Amino acid sequence: MSAARWAGPPQDAAEVLRRAKEIAPVLRERAPEIEAHRTLPAEVVELLRATGVFRMCFAREWGGPELTSVEQLEVVEALAYGDASAAWCGVIGANSGLLANFLYQSVVKDVYPSLDLITAGVLAPAGRAERVPGGFRLSGRWSFGSGIRHSDWVTSGAFLFQDGEPWAEPGSPHAHDSRQFLVPRSAVEVLDDWDTTGLCGTGSCDYTMTDVFVPDEHTFTFWEVRGTPGPLAQPDSFMRALCGVPLGVARAALDHAREVATTRYDRMAGRSWADSWRVQTELASCEAEFNAAREGVYGAARRQWAVLAAGGTLDDLTPAERAASPLAWLHAFRASRAVVTRLYDLLQTWSINRSSPMDRWLRDTAVMCQNLTAQDAVLESVGAYLLGRPPLFRISLGLDR
């Protein structure tokens, strides 16, 4: 399949989703190549670009389709049904449209003359930014820059310094501030250190910068919305669609296991797999676990969107409703890994060969569950929030009071 088959960029969510579903079989076919390449091949990047996934978060005022959180999830699930690494890079690259809400609006068009440009990077403040006239000098090393090799722009978090001392904005409640810094990909040195068990094709390499000048207008924080306020102009918007990746993989594994079960015959038992109580109950149990995890994600997303789209804020959600999103994200990752593991065991020796997609799905879900979104730190933060204590990750999880 060539990206040229589609005439122009998609105009709405339905078209982005349709294109994502169309390329899923191609991504599945090319998954071994993607994995062996340890980053997305250029042709796959362009295929993703043509679906509109990288532009899906841009607001309509910029000419984008402005997909809702639920619509973004559907697109990411569809891509992950084909290949997890492609979907992971797709949702990361879609951050461009979200960043536009926090950048100075006067520079958005200069930074993103095309809405299909890709932004990658690491939001955690792992770098050091020395204040100089007109901006900052940025240095540091950041880990796990998914999609960094094929990106157009790189955003990175760093702590601020002036004359070698920790620095904060006048009036800041913090003794030491941090910001996000947006630089061209050409300013970044990528380290070839991504050689993992799963999600191999994401190319999530470390990267470094040394004394790179970043003008003030290319810096931003998630404390300040500089664009039009709305449901996507929120600090947690970067987290909402990522769990579409494990959900898409689990759905693919469920469909694959059901297909295998309808074609296998147990010679020792003298019956079809489809007539086996063990197969029937395990498939049904996995479906139940998947459905519950998926509805938890979508239910929380729908409720949050309804409040924000009506002009409300996160404070208009009850504590339980506010906590529902990060808990659902974590549960989607962990439940999807559990489903894939159980199906791997169900299919037994039909899972273990590299030629089986079950082998790759097992490894992909194992690695993606090492992401912060699936860690106990999320449970700690949500538990603290529900008990009236300061959450560890309050901004990125939407738990800021």
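Tabulated data
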{"item": "Residue that is among the charged types (D, E, K, R), open to solvent by 30 Å² or more (accessible area, probe 1.4 Å), over 30 Å from residue 299 (Cα atoms) and more than 19 Å from the chain's Cα centre (by Cα), where the choices are 211, 255", "result": "211"}
{"item": "Residue within segment 131-149 that is closer than 13 Å to residue 179 by Cα, of a type in the set (Phe, Trp, Tyr) and more than 17 Å from the chain's Cα centre (by Cα) present", "result": "yes"}
{"item": "Yes/no for residue 197 being among the polar types (S, T, N, Q), farther than 22 Å from residue 111 by Cβ and not in a helix (DSSP H, G or I)", "result": "yes"}
{"item": "Matching option when the condition is touching a Lys or Arg at 6+ places or on another chain (Cβ under 7 Å), open to solvent by less than 10 Å² (accessible area, probe 1.4 Å) and farther than 23 Å from residue 89 by Cα, among 138, 160", "result": "160"}
{"item": "Criterion violated by residue 180 - all others in (1) within 27 Å of residue 59 (Cβ to Cβ); (2) without any contact (Cβ under 8 Å) to a residue 40 or more places away in the chain satisfied", "result": "(2)"}
{"item": "Scope segment 323-342; condition open to solvent by less than 40 Å² (accessible area, probe 1.4 Å) and in contact with a Cys (Cβ under 6 Å, 6 or more places away or on another chain); matching residues", "result": "329, 332, 333, 339"}
{"item": "Residues (surrounded by 19 or more Cβ atoms within 10 Å (Cβ to Cβ) and part of a helix (DSSP H, G or I)) located in segment 214-232", "result": "218"}
{"item": "Complete set of residues in segment 294-314 that are part of a helix (DSSP H, G or I) and open to solvent by 60 Å² or more (accessible area, probe 1.4 Å)", "result": "294, 295, 302, 303, 309"}
{"item": "From 392, 379, residue being open to solvent by 60 Å² or more (accessible area, probe 1.4 Å), more than 20 Å from residue 81 (Cα to Cα), not in a helix (DSSP H, G or I) and not small (Gly, Ala, Ser)", "result": "392"}
{"item": "Unmet criterion (only one of (1) within 21 Å of residue 156 (Cβ to Cβ); (2) open to solvent by less than 10 Å² (accessible area, probe 1.4 Å); (3) out of contact with any strand residue (DSSP E or B) (no Cβ under 9 Å at 6 or more places or on another chain)) for residue 247", "result": "(1)"}
{"item": "Helices (runs of 4 or more DSSP H) contained entirely in segment 1-112, each with at least 1 residues that are open to solvent by 40 Å² or more (accessible area, probe 1.4 Å) and of a type in the set (A, V, I, L, M)", "result": "13-37, 42-51"}
{"item": "Flag for residue 185 being under 17 Å from residue 218 (Cβ atoms) and either modelled with pLDDT under 95 or open to solvent by 40 Å² or more (accessible area, probe 1.4 Å) (or both)", "result": "yes"}
{"item": "Those residues of segment 122-135 which are open to solvent by 20 Å² or more (accessible area, probe 1.4 Å), part of a strand (DSSP E or B) and not aliphatic (A, V, I, L, M), in sequence order", "result": "125, 128, 130, 131"}
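The values are calculated or read from the model by the stated rules, or taken from the named source; none is laboratory data. Just so it is clear, the model here is predicted, and its values are computed rather than measured. So basically every Cβ, Gly included, is an ideal-geometry build from the backbone, and we count neighbours across all protein chains shown. Quick note on the areas: whole protein, heavy atoms, side chains included, nothing else; ligands and nucleic acids left out. Shrake-Rupley method; radii C 1.70, N 1.55, O 1.52, S 1.80 Å.
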